[in-house]
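Some notes on the structure that comes next.
The values are calculated or read from the model by the stated rules, or taken from the named source; none is laboratory data. On a predicted model such as this, the values are computed, not experimentally measured, just so you know. All Cβ positions, even for glycine, are placed from backbone atoms using ideal geometry, and neighbour counts span all protein chains on display. The area values use the complete protein model at the heavy-atom level, side chains included, leaving out ligands, DNA and RNA. Shrake-Rupley method; radii C 1.70, N 1.55, O 1.52, S 1.80 Å.
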Amino acid sequence: MAKVEKDFIKLTFDPLVLQDIVDLVKDDQAGAISTFCGTTRNTFEDKTVVRLEYESYIPMAEKEISSIITDVRTKWQLMKVAVYHRLGIVPVGETSVIIAVSSVHRHESLKAVEWLIDTLKEKVPIWKKEIYDDGSSWKENTKSKCC
Amino acid sequence: MAKVEKDFIKLTFDPLVLQDIVDLVKDDQAGAISTFCGTTRNTFEDKTVVRLEYESYIPMAEKEISSIITDVRTKWQLMKVAVYHRLGIVPVGETSVIIAVSSVHRHESLKAVEWLIDTLKEKVPIWKKEIYDDGSSWKENTKSKCC
Amino acid sequence: MSKEFTILYFASARDAVNISSEIISFPSTSSSLSLQDLTNLLKNRHENLGKVLENSMFAINMQYVDKDDESIMVKPGDEVAIIPPVSGG
Amino acid sequence: MSKEFTILYFASARDAVNISSEIISFPSTSSSLSLQDLTNLLKNRHENLGKVLENSMFAINMQYVDKDDESIMVKPGDEVAIIPPVSGG
């Protein structure tokens, strides 16, 4: 029997399309699909954000995402999991990260999506630079894994 | 200034398209969009489900959904909220309900989506009949508002 | 003024009575009905409905009502719905 | 066997040193470096890097390491990354 692929991980410089990523996690045995999309806001602490720029230590980021998906599967009973993160320039209003999870019952996928985005923001080596109309700065996630 | 529409409610006999519903809740001030899709599973307690049929007391369902959106906005700071429910026949693998919520920060929309689907399942006058290969039955949600 | 009210049957309630709605006249001497009166009237009209009613809510004019609230009355022109346990989602 | 290791700089670390990676030879007498030795070596090479290092993690061969673990050694052929506080999502 062919192994059915259940985890989908991608770091990409292309725009993210939610429908495509949701289609990856569809499963006739799933009663629920939950998703989270992170999008670029037009303001940060009263500054006007023009765009974001993401960079990553790509092979390690893929490895860390794979590792947190292994962890999330020990916490909740899930069908398929997709974690996609865009890199490079992300204009205001566009999507930088999409997480999609299918499960038999709804609470599993809802809890898993929340845990995955929280943990991605703590552990995965991806960095965001905010470009303002008058400068730029590297961001730091509040609970990012640190020294 | 024109009032910007912030709540989107629909009961429809047409298929639900996630991307269309997510586009409704997009907002340049939002950093997060969370969604939940309920899909028809192919089994229930070892029975083979052929399709689902949904019916609703439509005007009251719209009123109840509007009322729970009012409630959810008192609990979390949200941008835009969409609650779409399909009626009539929903084949296996297709989507019966989609909830999409945008917010400035991620936890608001994640919590709101979970609360909305839980409360919809308790309170909104919509009924699901499961058609098996050997019969059918009206379902009852576990915590459905009752006598 | 019409001395009638409308009653709507959904899901298992509709299956039990085989109609989706009907218009019912108030008994000749009254122009309102308590929920207990309503329950008795419906059970008399539809012998299969009793069991469904036990597990159902009433909504009057699209508002859930507390079945045990004796002050609630169905009045002429009201739209009353039998709401079996819901199963949306 | 090459007595060198690779070091990768990301985000604010790259901005501080103006390069994204370099290959560094071990000091002539040793073929391994503790994390404390590594920190000192990097501070000597790049005067602007000290502050960034204070807030950064190290990863060796794509694995986060505990900066205070004195048993961890950088060995020839290792890929060491400076990981400033992450900000994905």
Does B:Ser96 qualify as being within 25 Å of B:Lys75 (Cβ to Cβ), open to solvent by less than 10 Å² (accessible area, probe 1.4 Å), out of contact with any Lys or Arg (no Cβ under 9 Å at 6 or more places or on another chain) and polar (S, T, N, Q)?
-> no
Would you say A:Ser136 is over 23 Å from B:Glu114 (Cβ atoms), within 12 Å of chain D (Cβ to nearest Cβ) and surrounded by fewer than 18 Cβ atoms within 10 Å (Cβ to Cβ)?
-> yes
Just a yes or no: is a residue in segment A:116-133 surrounded by 22 or more Cβ atoms within 10 Å (Cβ to Cβ), within 20 Å of A:Val90 (Cβ to Cβ) and more than 7 Å from every other protein chain (Cβ to nearest Cβ)?
-> yes
Failed criterion for D:Glu70 (all others in (1) farther than 17 Å from D:Lys3 by Cβ; (2) surrounded by 12 or more Cβ atoms within 10 Å (Cβ to Cβ); (3) more than 10 Å from chain A (Cβ to nearest Cβ) hold) | (2)
Would it be correct to say that B:Ser103 is buried (at least 24 other Cβ atoms within 10 Å of the Cβ) and more than 17 Å from the chain's Cα centre (by Cα)?
-> yes
Across segment B:10-20, what is the number of residues that are within 14 Å of the chain's Cα centre (by Cα), farther than 18 Å from B:Gly93 by Cβ and in a helix (DSSP H, G or I)?
-> 0
In segment C:12-51, what residues are open to solvent by less than 30 Å² (accessible area, probe 1.4 Å), without any contact (Cβ under 8 Å) to a residue 40 or more places away in the chain, assigned to a helix (DSSP H, G or I) and touching a Phe, Trp or Tyr at 6+ places or on another chain (Cβ under 9 Å)?
-> C:Ala16, C:Val17, C:Leu35, C:Thr39, C:Leu49
Checked pairs for segment A:22-36, first more than 7 Å from chain B (Cβ to nearest Cβ) and more than 10 Å from A:Val101 (Cα to Cα), second open to solvent by 10 Å² or more (accessible area, probe 1.4 Å) and at pLDDT 95 or above, C-beta under 7 Å and 6 or more apart or across chains, list as A:Asp27/A:Met79; A:Asp27/A:Lys80
Residue among B:Thr48, B:Thr74 that alone is open to solvent by 10 Å² or more (accessible area, probe 1.4 Å), more than 12 Å from chain C (Cβ to nearest Cβ) and assigned to a helix (DSSP H, G or I) = B:Thr74
